[in-house]
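Right, one structure below, let's go through it.
Laboratory data are not the source of any read-out in this text; all were calculated from the coordinates shown. The structure presented is a predicted model; accordingly, all values stated were derived computationally and were not measured.
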Amino acid sequence: PVHFKLVKGKRGEHVHVYVDAELMGMFKSEKGTLTGIEPGKHLLEVRVAADHQTELDATDRVNFVVK
């Protein structure tokens, strides 16, 4: 599982979570879990969104490895 914590700003309503540029989930809570990611190197990107079409300029990225 991959865990994250969101600190919401004034406009952020939820986050869109991408693994290797593929949308893997949307979370309204401050924490979320992704499962089923294949072994290997990956890039996780979390983007704060105001709605389902509008992603804000608040993004974080991290590389990780699933063994």
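The length gained on full extension between Ala50 and Asp20, counted as 0.36 nm times the residue separation minus their Cα-Cα distance, comes to 8.6 nm. Counting only residues at least eight positions apart within a chain, or on another chain, the lysines with an alpha carbon under 22 Å from that of Lys31 are Lys5, Lys8, Lys10.
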